[in-house]
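Notes follow the structure.
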Amino acid sequence: MTTDEAAPATAAAPAAPSMGEIIQQLRGRLTVPGALFEVVEEDVRGTTMPVFRNRARSLGELLAGSQRFGERTYLVQDDRRATYATVLRQAEALAAALQHEHGVGPGDRVGIVAANRWEWVVAFWAAVSAGAVPVAFNSYWTPDEIAYGVALTEPVLLVGDDARLARVDGLDAMPPVLSMDTDLPRVLERHDGQRPEPVEVHEDDPAALIFTSGTTGRPKAVTLSHRGIIGFTQVNAVNDALAGVAMGGPVPQAGDELPLNDQVWLVTSPLFHTSMLFGAVITGVVRGMSLVLVPGRFDPERVLQVIERERVNMWMALGSAAPRVCASPDLGRYDTSSVQYVGVGGAPVSPAVQQRVREAFPSTSGMIGMGYTSTEGCAVVANIGGPEFLAHPTSTGRATLTTAIELRDELDRPVPDGELGEVHVRSPYVMLGYWRDPEASAAVLKPGGWLAMGDMARMVDGLLHIDSRARDMILVSAENVSPTEVEYRLDEHPDVVEAAVFAVDDAVTGDAVCAVVVVDPGSSTTADDLEAWCGEVLAHYKVPTRWHLVHEPLPRTPTGKLVKHRIRDQVEPADR
């Protein structure tokens, strides 16, 4: 061939499909007519949305389905073990007692306030079985905070452990209480073998009240529906099915039962969190795995002991749990080779922390992941894991099936790919609203079934990237802290002129609560004094751990709003 001759044209090799395209292809196979996860369009509270055709309609229906797991272990707590059959029998007995001894009826609220223990789980399922709405109280709350939650939700009964019930002993306007330590054993014995009267439940009826701090003021009670909580389990089941089909497994068909989950899951975060209650307790009755509850204060060595003793396969390590265990000098003393998956989240998780988790648990083969949602969003909104998480460590993943994500500017207009906007979510699972707070509900529930999440983010190639610095919420070890609530408490101090509270980075807890406080120039008040003042009425994780006492007025906008980014810029270098 001379230099004047053209080289023969060669066909360009087809581009390899992207991860997003592969996921879409797999989802398409899973959701076709006749498949277990078939997706159809239906009216959901006035808005047409994609839903799973094959679904349970109530939590009670999910619980009844757990009969197939029989004598499989459901709950492990220290040396105590409870099978699915045992928990179902006890939940039915307690539900009968709630109806016959306490007059609990459909729609009544039943409060639960206790540390993680098997009785918490029994109380939850009993309330559901009696047709009541369980109210998950934060077990860290002070008497003042519990009293506030009771006044808001008006439970007809408060079920708790003695340590929490002692906090409200003698307080006014408290409902009757049932102690898990002294009353419950006798109640279960009296009603053993009994079943509650059947109640009619619709899938968009309230199923549970879960407290969240929101972004302003006192905690709000988020009203979640049966549809929403069941959706949580289905969205997660799709992810498992995706992995199976990707490995060449069959597409589950309508009428098939979900495969049995033989794993042992470690539960170290509180059960009043949706991630633990929905992701473990309720998912358990759908999949049949064993849950190991670790009550009491978080202790890294104890966690390692439990992992070794129970041969834990999966750990949802929210907040500071994973980095604290990774940094523990006891890490190498225990056999953690059974761990196959570690889920992180609940607070900012840096790429460095992710890498430390992989190194601490090499048996996961890099299989760590995270999901993004909120209490108000109920089901997981976006998730990511495995190789894709390794490639995109600052992302929270792709929108889950039947969920739409849209980022909007301050005028409620969609923003282009790559630009910062507030996360809005539309799914059949979002909250019904804040309990008895229509104004706050209207502020976040938008027309067309959309929920404003309050987080700022960017969408890049289908992957959601949350900008944690753009949000107002503080997340301390997966616990929501409302800056306004802390500011209100500081404002009550006689020597405080004004205060600004916001998040600063913390290597262990994700965020730390930082308070910049203007004190009276003639005051001798110290940071220790203010810490004690806050601790009188606020749970320990809400009390600021970084203090800056100043005498000059804080910068504000012309309308009087604190300019927190300027305040943060002034103090943050000292906190790095």
Kirkwood estimate for region 482-575, i.e. one over the average of 1/r between Cα atoms, Å: 13.5 Å
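Mind giving me the FRET efficiency for Thr182 and Gln25? R0 is 51 Å, r the Cβ-Cβ distance, nearest 0.05 is fine. Each step should come with its number before you reach the end.
Details: r = 57 Å, r/R0 = 1.12.
The computed FRET efficiency comes out at 0.35.
Hull surface divided by four, with the convex hull built on the Cα atoms of region 84-201: how many nm²? List each step's numbers first, then the result.
Details: hull surface 27.1 nm².
It is 6.8 nm².
Listing Glu38, Glu359 from the residue with the fewest other Cβ atoms within 10 Å to the one with the most, what is the order? Kindly include the intermediate steps, with their values, before the conclusion.
Working: Glu38 16, Glu359 10.
The fewest-first ordering by Cβ neighbours comes to Glu359, Glu38.
Report the per residue volume, in Å³, of the convex hull enclosing the C-alpha atoms of region 257-412. Write out the running numbers ahead of the final one.
Working: hull volume 20.4 nm³, N = 156.
Given the Cα convex hull of region 257-412, per-residue volume reads 131 Å³.
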Helix runs (DSSP H) in the chain reaching 18 Å along axis by Cα, Kyte-Doolittle at least 0.5: 226-246
Semi-axis lengths, Å, region 194-275, gyration tensor of Cα atoms, sqrt of 5 times eigenvalues: 30, 20, 14
FRET efficiency for Arg190 and Ala352, using Cβ-Cβ distance with R0 set to 45 Å, rounded to 0.05: 0.25
Region 482-575, relative contact order in percent, only Cα pairs under 8 angstrom and at least six apart counted: 27 percent
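Loop-only trypsin sites (Lys or Arg not before Pro) in region 226-334, please: DSSP not H, G, I, E or B, and at most 10 other Cβ atoms within 10 Å. Mind dumping the intermediate values first?
Values: sites: Arg227, Arg287, Arg297, Arg302, Arg309, Arg311, Arg324, Arg333; in loops: Arg297, Arg311.
Here the trypsin sites (Lys or Arg not before Pro) that fit, given the DSSP loop and packing criteria, are Arg297.
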Selection from Ala499, His465, Ser482 lying farthest towards where the dipole of region 447-563 points positive, charges on Cβ: His465
Local electrostatic count at Leu420 - Lys and Arg +1, Asp and Glu -1, tallied over other residues with Cβ under 10 Å: -3
Region 132-181 versus region 418-474: alpha-carbon centroid distance in Å: 30 Å
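What order, most packed first, do the peptides 234-244, 85-95 have when packing is the mean number of other Cβ atoms within 10 Å of each residue? Don't jump to the answer; show the numbers that get you there.
Numbers: 234-244: 19.1, 85-95: 22.4.
Most protected by this proxy first, the peptides run 85-95, 234-244.
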Net charge of neighbours whose Cβ lies under 10 Å from the Cβ of Trp450, counting Lys and Arg as +1 and Asp and Glu as -1: +1
Fewest-first ranking of Cys534, Cys378, Cys326, Cys514, using other Cβ atoms within 10 Å as the exposure measure: Cys326, Cys534, Cys514, Cys378
Charge dipole (the chain, unit charges on Cβ, about Cα centre) - positive-most of Val32, Ser269, Val444: Val32
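Determine the sum of side-chain charges near Thr212: Lys and Arg each +1, Asp and Glu each -1, restricted to other residues whose C-beta is under 9 angstrom from that of Thr212. Can you show the working numbers first?
Values: positive: Lys220; negative: Glu376.
That sum, taken over residues with Cβ under 9 Å, equals 0.
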Cα convex hull of region 417-576 - mean projected area over all directions, nm²: 12.1 nm²
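Order of Thr283, Thr48, Thr484, Thr268 from fewest to most other C-beta atoms within 10 Å? List each step's numbers first, then the result.
Numbers: Thr283 20, Thr48 11, Thr484 16, Thr268 24.
Placing the least packed residue first, the sequence is Thr48, Thr484, Thr283, Thr268.
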Set of lysines near Lys564 by C-alpha distance (under 21 Å), chain-local residues within fewer than 8 positions excluded: Lys542
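Can you work out the FRET efficiency for the pair Asp43 and Asp417, with r the C-beta to C-beta distance and R0 = 30 Å, to the nearest 0.05?
Working: r = 31 Å, r/R0 = 1.02.
Using R0 = 30 Å, I get an efficiency of 0.45.
In region 400-451, which trypsin sites (Lys or Arg not before Pro) fall in coil by DSSP and have 15 or fewer other Cβ atoms within 10 Å?
On the way: sites: Arg408, Arg426, Arg436; in loops: Arg436.
For trypsin sites (Lys or Arg not before Pro) across region 400-451 that sit outside H, G, I, E and B with at most 15 neighbouring Cβ atoms in 10 Å, the list reads Arg436.
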Inter-part distance where region 186-256 and region 79-126 are each reduced to a Cα centre, Å: 16 Å
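Quick one: compute the contact order of the chain, relative version, from alpha carbon pairs under 8 angstrom and 6+ residues apart, as a percent.
12 percent
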Spin-label model distance (nm) - Glu154 vs Ala443, 7 Å beyond Cα toward Cβ: 2.4 nm
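Provide the gained length on full extension for the span Arg297 to Asp172, in nm with one decimal, where the gain is 0.36 nm per separating residue minus the Cα-Cα distance. Please list the in-between numbers first.
On the way: separation 125, 0.36 × 125 = 45.00 nm, distance 2.92 nm.
42.1 nm is the gain from fully extending Arg297 to Asp172.
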Highest-first arrangement of 250-258, 19-27, where packing means the average Cβ count within 10 Å: 19-27, 250-258
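Which GluC sites (Glu not before Pro) from region 450-517 combine a DSSP loop assignment with at most 16 other Cβ atoms within 10 Å? Don't skip to the end; give the middle numbers.
Values: sites: Glu479, Glu485, Glu487, Glu492, Glu498; in loops: Glu492.
Filter output for region 450-517: Glu492.
Given a cut-off of under 8 Å on Cα pairs at least six residues apart, what relative contact order in percent is computed for region 128-277? Let's see the in-between values first.
On the way: 133 pairs, mean separation 33.4, N = 150.
This gives 22 percent for region 128-277.
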Calculated log₁₀ intensity ratio I(q)/I(0) where the Debye formula runs over C-alpha points of the chain, q = 0.07, 0.09 Å⁻¹: -0.43, -0.71
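Evaluate the charge dipole of the chain about its Cα centre and quote only its size in Debye, nearest 20, assuming +1 on the Cβ of each Lys and Arg and -1 on the Cβ of each Asp and Glu. Numbers along the way, then the final one.
Working: 48 positive and 76 negative charges, 219 e Å.
Its charge dipole is roughly 1060 debye.
Let me have the 222 nm mean residue ellipticity of the chain computed from DSSP H runs of 4+ only, each contributing -39500 (n - 2.57), with the sum over all residues rounded to the nearest 500. If you can, show how the numbers build up before the last one.
Details: 17 runs with 167 residues, N = 576.
Roughly -8500 deg cm²/dmol at 222 nm, from the helical runs in the chain.
Since every read-out is calculated from the coordinates, none of them should be taken as a lab result. In this text the structure is predicted, and so the values were computed from the model without any measurement. Here Cβ is always computed from backbone atoms with ideal geometry, including for glycine, and neighbour counts include all displayed protein chains.
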